[in-house]
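To start, the structure itself, in structure tokens.
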Amino acid sequence: MKPTEAGRTYELWFVTADQRKVPAATFDVGADGDASLVVKPPKELGAIALAAVTEEPSGGVPQPTGAILLVGKLGT
């Protein structure tokens, strides 16, 4: 991924079966393009259909404002 610019961050979202997007964590990408993140989904969310990443303002937002850059299904 491209390095995070000043004032921006990447945000991880859990997407539920009914398409709710729940903020999970924010993270930055260094100059080498690498980032690492470990997040445990909250049990009260129930089944999570997807995980997605958007680019957002620093600190994150309650709902995505940027385009989805990465998306994937979570293993069960």
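Bear in mind that the values in this text are calculations on the coordinates, not laboratory data. What you see is a predicted model; the values in this text were computed from it and never measured. Cβ coordinates were reconstructed from backbone atoms using ideal geometry, including for glycine residues, and neighbour counts include every protein chain displayed.
Observations, loosely collected:
- Filtered GluC sites (Glu not before Pro), the chain: DSSP coil and at most 11 other beta carbons within 10 Å: GLU5
- For the chain, a simple Cβ point-charge model (Lys and Arg +1, Asp and Glu -1, everything else neutral) yields a dipole of about 300 debye relative to the Cα centre.
- With contacts taken as Cα pairs under 8 Å at a separation of at least 6 residues, the chain carries a relative contact order of 34 percent.
- Within straight-line reach of LYS73, meaning a Cα separation under 17 Å, sit the following aspartates and glutamates at least 8 residues removed in sequence or on another chain: GLU11, ASP18.
- Counted charge near PHE27, where neighbours are those whose Cβ lies closer than 12 Å (Asp, Glu -1; Lys, Arg +1): -4
- Rg and Dmax [Cα atoms of the chain; Å; Rg one decimal, Dmax integer]: 12.3, 36
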